[in-house]
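The values are calculated or read from the model by the stated rules, or taken from the named source; none is laboratory data. Small disclaimer: the values here were computed from a predicted structure and weren't measured. Every residue, glycine among them, receives a Cβ derived from its backbone with ideal geometry; neighbour counts consider all protein chains shown.
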Amino acid sequence: VVAETAQRVCVMYAGQAVEVGQVPGLFEVPAHPYSEALLAAIPEHSMGAERLATLPGMVPGRYDRPQGCLLSPRCPYVRDNCRTERPGLDPKAHSLARCFYPLNQEVA
């Protein structure tokens with residue numbers, strides 16, 4: 001529905017914007033791991049799978065947030081600094097993303 005009705009999208013995780021961008025760019029090459037996980041959970045993307053893709057664990061509550069990136073306890077790409085530092089919402093190839101190690105970025 002979003003891809004058909006919106007031009008820009010803001011992906012939220014635990015009450016925080018984690019990626020903001022134009023629909024085509026974000027849907028084709030997400031920069032944030034949570035955006036990637038949401039897209040992987042679309043039934044059309046999981047054809048033939050018995051279950052939809054999920055991230056392990058729970059979304060942090062208001063009073064039990066991790067010190068670093070809010071997704072760090074559940075992120076399949078987590079690194080040490082992700083657990084201790086909070087990333088800013090910074091420009092990436094096709095969007096703004098809150099990730100130290102954005103996905104699908106061209107390497108120079």
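Which residue, of Glu44, Glu19, Glu4, is of a type in the set (Asp, Glu) and either within 17 Å of Leu103 (Cα to Cα) or within 10 Å of the chain's Cα centre (by Cα) (or both)?
Glu19 is the lone residue from the list that is of a type in the set (Asp, Glu) and either within 17 Å of Leu103 (Cα to Cα) or within 10 Å of the chain's Cα centre (by Cα) (or both).
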- Task: Go through region 62-77 and give me each residue that's surrounded by fewer than 14 Cβ atoms within 10 Å (Cβ to Cβ) and polar (S, T, N, Q).
- Result: Gln67
- Task: Give Glu36, Glu4 a once-over and let me know the one that is acidic (Asp, Glu) and more than 22 Å from Asn104 (Cα to Cα).
- Result: Glu4
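So which helices (runs of 4 or more DSSP H) stay within region 1-61 end to end and still have 1 or more residues that are on the phi > 0 side of the Ramachandran plot and surrounded by fewer than 12 Cβ atoms within 10 Å (Cβ to Cβ)? So that I can check it myself, show each step before the final result.
On the way: elements: 2-5, 23-28, 33-40.
Ranges flagged: none.
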- Task: Out of the residues in region 76-108 that are in contact (Cβ under 8 Å) with a residue 12 or more places away in the chain and not in a loop (DSSP other than H, G, I, E, B), state the one that is nearest to Arg8 (Cα to Cα).
- Result: Ser95
- Query: Checking Leu103 against (1) among the aliphatic types (A, V, I, L, M); (2) modelled with pLDDT of 95 or more; (3) touching a His at 6+ places or on another chain (Cβ under 9 Å), which test does it fail?
  - Reply: (2)
